[in-house]
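Working notes, beginning with the structure itself.
The values are calculated or read from the model by the stated rules, or taken from the named source; none is laboratory data. As the structure is a prediction and not an experimental result, all values here were calculated from the model. FYI the Cβ positions are ideal-geometry reconstructions off the backbone, even for glycines, and counts take in every protein chain you see. Please note that ligands, DNA and RNA were not included when accessible areas were found on the heavy atoms of the full protein model with its side chains. Shrake-Rupley method; radii C 1.70, N 1.55, O 1.52, S 1.80 Å.
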Amino acid sequence: ETIVNERAWQLLEDKMNLFNDAKDKHALVYPYYPKFSLSAGEDWEWVEISRTQVGLLKRSNEGNKLINISVEELPFKIPQAYLDEVSRQFNLLGDNLTNFQKQATDFHGQPATLISFNVAGQKFYSYLIPYGYAMVSISYWLDLEKMAEDSRVMGEVLGNFKFLELPNDQPAAVKEFINQDPPFSVSQTGNWVIQPNLKPQNEDLILTLANP
């Protein structure tokens, strides 16, 4: 007898619906937290749409262009300790990178940290945007020999990015988590919070317990 993982099947169905809508409309309305919209021309291809990742690819004989958006949710507001650790890790990387820079900036009005460095004839950019209980990262590469043109191409897409809801510092609390296979339950206690696995590709992870 074939056993269907209903949660995995629903996630796959939702993902395909998002793909089809984005392909037909050349635009995405990301339905999870934090909700945002992004549109791109017909020459851009949506290569990944999930709860934690959105990828856009523009194929070209002169070099492909890729925009990657990742969303990491915590079960509480992004704490300063989290931001400090991210900064520390990038500082360590900076010792081995060319023209490494880290600066405070904003992305469409939201406070952000912009990381950039050069490698293999390209310049990497990543905006790190704490947004309530989510960390949104928007990354892309520019050809060092075509910086002006590549910046224009990326700007045409990223200029359309728009958050559709205000930052939320208090995600819905999971008081009790019940797992079907294997069967067990976990209840919230003290300052510990429960975060079910949001990444279906990480099949070995069921949930995380975190203390802010």
Efficiency of FRET from Cβ geometry, Asn61 and Met147, R₀ 25 Å, rounded to 0.05 = 0.85
Of all DSSP beta bridges in the stretch 81-182, antiparallel share, percent nearest 5 = 100
Could you pull out every one of the lysines with an alpha carbon less than 27 Å from that of Lys123, ignoring same-chain neighbours closer than 8 positions?
-> Lys58, Lys65, Lys102, Lys146, Lys162
Surface share of carbon and sulfur [accessible, 1.4 angstrom probe, percent] for the stretch 32-149 = 47
Report the net charge of residues surrounding Leu114, where surrounding means a beta-carbon distance below 15 angstrom and charges are Lys +1, Arg +1, Asp -1, Glu -1.
-> +1
The correct pair for the stretch 93-167, radius of gyration to one decimal and Dmax as a whole number, both in Å and from Cα atoms, is 13.4, 38
Filter the GluC sites (Glu not before Pro) in the stretch 17-113 down to the DSSP loop ones having no more than 10 other Cβ atoms within 10 Å, then list what survives.
-> Glu42, Glu62
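So what's the net charge close to Leu144: Lys and Arg +1, Asp and Glu -1, counting the other residues with Cβ under 13 Å from its Cβ?
On the way: positive: Lys123, Lys146; negative: Asp143, Glu145, Glu149, Asp150.
Spelling it out: positives minus negatives among the neighbours equals -2.
Between Glu48 and Asn168, what length in nm is gained on full extension when 0.36 nm per residue of separation is reduced by their alpha carbon distance? Mind showing how you got there, number by number?
Working: separation 120, 0.36 × 120 = 43.20 nm, distance 2.50 nm.
Gain on stretching Glu48 to Asn168: 40.7 nm.
Residues of the stretch 1-144: accessible area per residue at 1.4 Å, in Å²? Don't skip to the answer; put the middle values down first.
Details: 8170 Å² over 144 residues.
Per-residue value: 57 Å².
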Cα centroid separation, the stretch 125-170 to the stretch 33-106 (Å) | 7
